Structures are given as C-alpha cells and as structure tokens.
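A short reminder: the numbers here are calculations on the coordinates, not readings from a lab. All figures in this text were calculated on a predicted structure; none of them were measured in a lab. Every residue, glycine among them, receives a Cβ derived from its backbone with ideal geometry; neighbour counts consider all protein chains shown.
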Amino acid sequence: MRAFLSFLASIGVTLLIAAFAAYPLYLVIHPLVQVWPFDKIATRLWQLLMLLAVWMLIRQLKLVRKRDFGYDVAATRWRRLCVQGFAAGALSMLPITISMLALGVRTLRPELDFMRVTGALVSGVFSGFAVGFLEETFFRGLVLGAVLRELRRPTAAIMLVSILYASVHFLASTHIPPDSVTWHSGLDLLSGALRNFVSPTSIIDAWLALLAVGLLLGMSAFFTGNIAVGVGLHAGWVAMMRVTIGVTDLNASSPSAWLVNQSNGYIGWLVFGWTAVLITTLMLVRRRLRNLRRDY
C-alpha cells in the first residue's frame, strides 16, 4: 500500500500547497499577463507541482524501467496493439452514441456540414490520443504497476487505482473574477474542487461509469502486461465521445435524459451499464490475451 498511499498523498499535498501559493504567484503574474484568471494560474501551479511530485515518486519508488511505465513491448508491436485498441474503443463506444440518438438524448445539429464533421473527427482523434497516452501512462502504467509490485493482489490493486482514477475527474473548477481575488482565494478554489464529494448525488452516475472504465482499462493492462491496448481503447472512447458531442446537442427534455449526466452530456448510467457488459466480455476472453502478457 505504500506506493498507492504515496501517489494519493502527492495529489493531496500538491493541492494544498497550490491553494496557499496561488495568491502570491497571482500577484506576480497577473500584472504581466492580465488575461490569465486566478483559477487558471492556480491550476497551472498545481499541475507543475504534481509533475514535480510524480518525478520524485519515480525516483523514490525506482520506477525507471520501460515496464514500470507500461511500455515493456517491442515498439512495432506496441503501435500495432495501440491501433487495434483504438479501433476496438471506437467501435465499442459507437453503440452508446447510436443509443443516445435513437432515444433522443442527443440530437444531430441542423447546421452540420462536411468541414464541421471533419473538424470534430480530427479534434476527437488528437484529443483522444493525448488523453489516452497521458492518463494510461500515469494510472495504468506508473500507479498500477507500482501498486501491483507491492500488493500482489491484482483485483484489489486494480480497484484502488480505478477509484483514484474516477475521483480525480471530479475535482471541480471554480472561477474567481479578478475583483474578487483575495489571499484566501486559493482555499476557496480548493473547497470548490472538493464540493462534488460533499454532495455526490450529482456525480454518482458519471463516477460509477468512470470507475467501470478504470476497471476495464486496469484489467486490460494486467492481462496484456502493457498499456498499448489501454491507450488505444482510451483514445477510441474519448474520440467517439468528442465527435458525438461535437456534432450533436444534448436534449435535456428527453424522457431518457437521466441516462446521461447533464454536466458532461455523455458519461452516465448508459455508459456505466455498457461498460459492465464490456468487462464481462473481457473476462470471458481473457485467456486469449495471455500470449500478450508479461508480469509486472
């Protein structure tokens, strides 16, 4: 548990440091770059601190090998698995998009044209791979690999990392206007970031959906011994979601609107149920993945 608690503590400590240091930094930066609001400066500071904390943990936990990052496979094979994962991710998320359109949860925008659709597709693919590489390297590469190395209980390790993965997505952002910034604005941002966990009813559907997604990605990494398939799956899912949101509008008045979390317009009970089906399917075919696996 030392590795997991170390990563968890790094998130908490860097959030707290950023909350106290954001205001002094704002006093220095804002006069020079006035278009940067306080919350943006605080967020960038936290990201920088988190990057430093992760670098320190990499050294402390001796995560220096390719396998520690989830890349312990030949480059050509890694790329092939990633592309296959992307195709599987996009195709497996397509039924969600079709279901939303069929149920009237989302409706096609009337002003659609070729350029708009192409733009949404290109943006979706690029953002999908950016998110896939970043989140899979961190969560299913570094964190899961380190936890598995110590815990030796795959089910517990995958569950712990999945809970962390789902939870960090709901560190809500709070906007503070320039004329309202004070010395305690950083603490206001921190309390705002945690408000979803004080009253979780508004996020429970999306949180459970992301928990299920995390479990599926964790199982993929464990069964194959690397994150290549997971990066592709993650990228395919994000791409399909971004394209869908880009070419459709959310219909909050639909009787089936409860299937989608209204804050993000896509992830919710529908994604949770479908991901549970995908997890069951993966469990049934896991033996076919053994030839891809190398122990952490």
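Listing for the model above:
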quantity	calculated
Sole exception among (1) under 18 Å from ALA239 (Cβ atoms); (2) surrounded by 13 or more Cβ atoms within 10 Å (Cβ to Cβ) for ILE98, by number	(2)
Selection from segment 227-283 of residues that are surrounded by 22 or more Cβ atoms within 10 Å (Cβ to Cβ) and of a type in the set (Gly, Ala, Ser)	ALA228, GLY230, GLY232, ALA235, GLY236, ALA239, GLY268
Condition met for ALA146 (without any contact (Cβ under 8 Å) to a residue 60 or more places away in the chain and not charged (D, E, K, R))	no
Residues within segment 219-240 that are within 16 Å of TYR165 (Cα to Cα) and not in a helix (DSSP H, G or I), tallied	1
Checklist (1) crowded, with 18+ Cβ neighbours inside 10 Å; (2) outside any helix (DSSP H, G or I); (3) of a type in the set (A, V, I, L, M, F, W, C) applied to LEU208, failing item	(2)
Subset of segment 149-181 [more than 22 Å from ALA53 (Cα to Cα) and either without any contact (Cβ under 8 Å) to a residue 60 or more places away in the chain or not hydrophobic (A, V, I, L, M, F, W, C) (or both)]	ARG152, ARG153, PRO154, THR155, ALA156, MET159, THR174, HIS175, PRO177, PRO178, ASP179, SER180
Single match in PHE114, PHE69, PHE38 (criterion: without any contact (Cβ under 8 Å) to a residue 60 or more places away in the chain and either more than 30 Å from PHE222 (Cβ to Cβ) or surrounded by 17 or more Cβ atoms within 10 Å (Cβ to Cβ) (or both))	PHE114
Among residues of segment 123-165, those that are surrounded by fewer than 19 Cβ atoms within 10 Å (Cβ to Cβ), polar (S, T, N, Q) and touching a helix residue (DSSP H, G or I) at 6+ places or on another chain (Cβ under 8 Å), counted	3
Sole exception among (1) under 16 Å from the mean Cα position of the chain (by Cα); (2) of a type outside the set (Gly, Ala, Ser); (3) closer than 18 Å to TYR266 by Cα for LEU164, by number	(3)
Criterion: out of contact with any Ser or Thr (no Cβ under 9 Å at 6 or more places or on another chain) and among the aliphatic types (A, V, I, L, M) - qualifying residue of LEU194, LEU210	LEU194
Test for GLY104: is it surrounded by 13 or more Cβ atoms within 10 Å (Cβ to Cβ) and under 22 Å from the mean Cα position of the chain (by Cα)	no
